[in-house]
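The next block holds one structure in the form of structure tokens; read it before the comments.
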Amino acid sequence: MARTRIIIDTDPGVDDAVAILMALASDQLDVVALTAVAGNSPLEDTALNARRLVALAKRPDVIVAAGCAEPLTPTNYVGGDVHGQDGLGDLVWDEPDVQLDSRHGVDVLRDLILEAPTTVVAIGPLTNLAVLAQRYPEVVAKVERLVIMGGASFHGNVTAAAEFNIWFDPEAADEVFKQPWPITLMPLDLTHQAFLNDEDLERLRTQGNEVGMRTANMLEAYAVFHQQWYGNRNVIMHDAMAIYELLNPQAIVKQGVVVQVETQGQHSRGATLIDRGMQHSQSHVLVGCEVDNDTFRSVVHQLLSSYR
Ligand code: RIB
Ligand code: CA
């Protein structure tokens, strides 16, 4: 079966790390590049973390490029401690032997999309994708598919209205959702159905490879955050849902929708208004609705245990 050629646009981020390590392990996916964007941490950290993950996976063939350092509307947000101070759980790392591509991440997106049919998986703020559409509008029609982790149907995780990836750059999200490319959106109301528990972390820690050990250790800080915020240590695998969709398209129940992004609201800036009316059943935008966590967990372990 032909592999799906993908670029992952990302702000690693510990849940990004799980998504990226799953993708790099899968024989269904041909990951040609990671393009970093500012979000969970400043761009210098998310780009370094992308290099670290490609080196950890022993995949020097994967291009790593740094994209946009600031959202379309500058913000004073400089990253929190949800993902640790360095954005990847504050582990000790050697300097990765994977270097940044000399091109800007947006130019890498353009060059690779024009080269061959490519799916883009966006698991951070949508700044790079918005700049791509603005700077190179001819590229939009060449994108095979855009799978996005972001938004929320009912409740945000930064404000009551806004999920982080949209909240960080609402203007970029607005731009992206106004484009005609086929979009599949994985919002919080889906991603909260997918999580790893302490049994999973122990299984990763003892599976006998460095990827498992480091992934478990990265997720420890994230588990502490979840205990404080949600009252349990089940670590929500937001970004992995965007990769899981490509591995098993039947696994996530989806429906056609129209998505509007609020950029003006005093209290609702960054909200995603997801219209699920039946008249949108054939929309070019799909939203993930339901997923079985036990099946998802088994795929995570199958992929991450395959590293040597
Ligand atoms: O709201 C969850 C999203 O925000 C995930 O992509 C996580 O990595 C953070 O970027
Ligand atoms: Ca992310």
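The values are calculated or read from the model by the stated rules, or taken from the named source; none is laboratory data. What you see is a predicted model; the values in this text were computed from it and never measured. Here the Cβ is made from the backbone with ideal geometry for all residues, glycine too, and neighbour counts use every protein chain on show. Calculation scope for accessible area: heavy atoms of the full protein, side chains included, ligands and nucleic acids excluded. Shrake-Rupley method; radii C 1.70, N 1.55, O 1.52, S 1.80 Å.
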When only the heavy atoms of the protein chains count and the probe is 1.4 Å, how do Glu199, Glu175, Glu138, Glu245 rank by accessible area, highest first? Glu199, Glu138, Glu175, Glu245
The answer for the chain, accessible area per residue at 1.4 Å probe in Å², is 40 Å²
Percentage, to the nearest whole number, of Cα pairs in the range 26-121 over 24 Å apart: 24 percent
Given labels modelled 7 Å from the Cα in the Cβ direction, how far is it in nm from Asp94 to Arg308? 1.8 nm
Using a Förster radius of 35 Å, what is the FRET efficiency between Glu44 and Lys142 based on their Cβ-Cβ separation? Nearest 0.05, please. 0.70
How many angstrom separate the Cα center of the range 107-126 from the Cα center of the range 230-308? 19 Å
Computed from the beta carbon distance with a Förster radius of 22 Å, FRET efficiency for Tyr77 and Val224 to the nearest 0.05 stands at 0.55
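Order Ser268, Ser41, Ser102 by their accessible area, 1.4 angstrom probe, all chains in place, largest first.
Ser102, Ser268, Ser41
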So if I place +1 on the C-beta of Lys and Arg and -1 on the C-beta of Asp and Glu, and nothing else carries charge, what would the dipole magnitude of the range 181-308 be about its Cα centre? I want it in debye, nearest 20. 200 debye
Can you tell which of Gln255, Val300, Val285 lies farthest toward the positive end of the dipole of the range 248-305, using +1 and -1 charges on the Cβ of basic and acidic side chains (Lys, Arg; Asp, Glu)? Val285
Considering only the other residues whose Cβ falls under 12 Å of the Cβ of Gly270, what net charge follows from Lys and Arg at +1 and Asp and Glu at -1? -4
Relative contact order (%) - the chain, alpha-carbon pairs under 8 angstrom, separation at least six: 20 percent
Any number yet on Rg/Rh for the chain, C-alpha, Kirkwood? 0.93
Taking the Cα centre of the range 68-143 as origin, work out the dipole magnitude from +1 charges on Lys and Arg Cβ and -1 charges on Asp and Glu Cβ, in debye rounded to 20. 540 debye
Just name one of Pro71, Val139, Gln228: the one whose Cα is farthest towards the positive end of the charge dipole of the chain (beta-carbon charges, Lys/Arg +1, Asp/Glu -1). Val139
Under unit Cβ charges (Lys, Arg +1; Asp, Glu -1), what dipole magnitude, rounded to 20 debye, does the range 26-66 have relative to its Cα centre? 120 debye
Label-point separation in nm, Ala69 to Val158, each point 7 Å along Cα→Cβ: 2.0 nm
Taking every pair of Cα atoms in the range 70-163, average 1/r, invert it to obtain the Kirkwood radius, and report Rg/Rh to two decimals. 1.01
